[in-house]
Structures are given as structure tokens and as C-alpha cells.
Amino acid sequence: MRTTIPTAVLTLYLGLVLHLTLVAFPIARPPVNLIPFRTILDDLTGDGRGFLVNFCGNLVGFMPIGALLPLVTRDRLGLRACLAASFTFSMLIESSQFALGTRIADVDDLILNTVGGGLGFALLTTPKAVWGPLTLPATTSNVIRRQWRRPHKARSNAPSLSVTARGSIQEGDVAHRASLRLGVHQDAVPHV
């Protein structure tokens, strides 16, 4: 149940990428580039369109593989597995483009797509490594309670507010429970 949404998003993403790279935008007699870094250097020294479309597009276009694949698998894939998956999927696309003869087969796309998958993995794992695992309540079983309490007779008539939120997150076999309590007490209410 926990991997249903990431699996659906990854499946839709893979279908979209296959459509964009194999079906959409056909080219008559496309060239083939088997020299590493040739297109990358041309993009970096060109007019900017190639840089944006090819260089950035290939990097950003494959970041979802590196970000979604660890969320879909139960054994929590590492960087090497995400790089291997990005490389394999990119090789499938480039080989198909070469065999179909309708798109440019480029070894630089293979390089950029693999790096993009690694960047996606880094974006997924870096915040967790820096700030720790997510511990906020994120399930539908969250309970929010509001309590209005009457103040003591000696104090002003302003009520205080107390909000309690409780929930749990399931990570594999481990359940994390969290509770948050906010309150505005009589002393914190400004006097007018």
C-alpha cells in the first residue's frame, strides 16, 4: 500500500519518457553520435537552445528514476542500483532510437541520463541524511483535538487554545509514532 503512489508515478513517467523519446518528434535520417562528450561540448559552447533542451533535458528528465526507484522497491536501492537502472533504461532508449532510425542515437544522452538518475537519488537521500527521517504524522489516522478551556477567575476572560495532533508513519516493519502539542496559555495572550 505504501508504494502504490510512487509505483503509479514511476509507471506513468516511464511511459511518457518512452513516448517522448521514441514516438514524438521524429527526424528523417537522424545522425548517430558514438563519440563521448561531443554533443555535450557542442551544447556548452552553442547558442543555448541545445544546452537547455539536450543537456538540461537529459539530466532533469532522468532524475525521477533515481528519486522514485528507491521508493518503489522494498529493499531500498542504493546509488549504484539507481545508476545501473538509469543506464539500462537509457541504453534501451538509445538502442531503440538507433534501430528505429527516427531519432538521434547519442552516447552523450546515455551519459547525461545516467548522471541525472544519480542526481535524482542524491536529491532523495541528501535531505534524509542531513535532517534525519521524516517523523511528522502523515497518516489518515491523525487525530486533531481542540480544547477551549476557561481561565481561572483571577485572570482575564480570554480563553486558551490547545491543539494536539497524533499520528504514525510505517517504514517497513518499524512504526514511528509522533505527537505534537501546541498551546496558547493565559500568560501568552496579549492584554489589550
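When you check PRO26 against the structure, is it in contact with a strand residue (DSSP E or B) (Cβ under 8 Å, 6 or more places away or on another chain), in a loop (DSSP other than H, G, I, E, B) and touching a residue at least 12 places away in the same chain (Cβ under 8 Å), yes or no? So PRO26 does not fit the description; no.
Counting the residues of the stretch 66-108 that are buried (at least 20 other Cβ atoms within 10 Å of the Cβ), of a type in the set (S, T, N, Q) and touching a strand residue (DSSP E or B) at 6+ places or on another chain (Cβ under 8 Å) gives 1. Considering only the stretch 16-23, I want to know if a residue exists there that is free of Cβ contacts under 8 Å to residues at least 40 places away in the same chain, surrounded by fewer than 17 Cβ atoms within 10 Å (Cβ to Cβ) and not in a helix (DSSP H, G or I). Checked against the condition, which is being free of Cβ contacts under 8 Å to residues at least 40 places away in the same chain, surrounded by fewer than 17 Cβ atoms within 10 Å (Cβ to Cβ) and not in a helix (DSSP H, G or I), the stretch 16-23 yields no hits at all. For first residues located in the stretch 99-127 and under 18 Å from THR88 (Cα atoms), partners that are basic (Lys, Arg) and part of a helix (DSSP H, G or I) and lie 6+ apart or on another chain with Cβ distances below 8 Å form the pairs ASP108/ARG38. Scanning the stretch 32-53 for residues that are within 26 Å of the chain's Cα centre (by Cα) and at pLDDT 90 or above yields one hit, ILE40.
The values are calculated or read from the model by the stated rules, or taken from the named source; none is laboratory data. Everything quoted here is computed from the prediction, not taken from an experiment. Counting neighbours? That spans all protein chains shown, and the Cβs are built from the backbone with ideal geometry, glycine included.
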